[in-house]
Amino acid sequence: MLLDFSSLSKFRAEISRIGDSAFHGNTSLFIEDIINKKTPYKVFAVIREEKAAGFLILSTVLDEAEILEVAVSEKSRKCRIGSELMEEVFEWCAKNGILRIFLEVRESNFPARMYYKKYGFAENGLRKNYYRDPVENAVLMSKKM
Ligand SMILES: CC(C)(COP(=O)(O)OP(=O)(O)OC[C@H]1O[C@@H](n2cnc3c(N)ncnc32)[C@H](O)[C@@H]1OP(=O)(O)O)[C@@H](O)C(=O)NCCC(=O)NCCS
């Protein structure tokens, strides 16, 4: 589901915990920006038994979108939660006039690269030494809606 302001506040701690363990603390900062600075990112989440099991943060500008983060809690991976998130995002993008979705991913992140490929993203560039801790190339991917 696309979280509104009050459900984002409700699931904030769980989403931050899932994201921060995958992305070294960036998720809390994104959520803080949304809540405190009203940055218009969209946060999608899959809720299981009243708890967030995974989330995806999307940034949009006109008819383009960028996936800033997507993560599923470690114990729930490979159970189609990532798939559910991506399907919801595609539906939202189709309804909201988004023509292309972009993202970047660590070169060594095989599960994520497989995940994006399964959902029709093509690899179309490399940003050398883009990531820190550890330094690594970013693979640029995009999908035409
Ligand atoms: C990438 C991620 C979000 C996928 O979520 P998930 O709920 O486990 O994914 P699903 O169960 O819906 O799987 C969908 C597809 O992703 C791919 N996939 C997921 N995990 C995989 C793995 N460990 N190895 C290879 N492919 C994998 C497969 O193509 C899979 O389809 P299949 O089951 O038909 O083979 C999850 O692994 C994750 O949270 N990773 C850590 C955070 C991260 O790396 N995010 C992306 C950073 S850019």
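The values are calculated or read from the model by the stated rules, or taken from the named source; none is laboratory data. Quick caveat: nothing in here was measured; it's all calculated off a predicted structure. All Cβ positions, glycine included, derive from the backbone under ideal geometry; neighbour counts span all protein chains shown.
List of remarks:
- E91 at pLDDT below 95, over 13 Å from the mean Cα position of the chain (by Cα) and not aromatic (F, W, Y): no
- For the stretch 42-56, filtered to residues that are within 11 Å of the ligand (Cβ to nearest atom) and within 17 Å of E91 (Cβ to Cβ), the residue that is surrounded by the most Cβ atoms within 10 Å (Cβ to Cβ) is F55.
- Residues of the stretch 60-80 that turn out to be within 12 Å of the ligand (Cβ to nearest atom) and hydrophobic (A, V, I, L, M, F, W, C), as a count: 6
- Of residues in the stretch 81-106 being in a helix (DSSP H, G or I) and touching a helix residue (DSSP H, G or I) at 6+ places or on another chain (Cβ under 9 Å), the one farthest from the ligand (Cβ to nearest atom): M86
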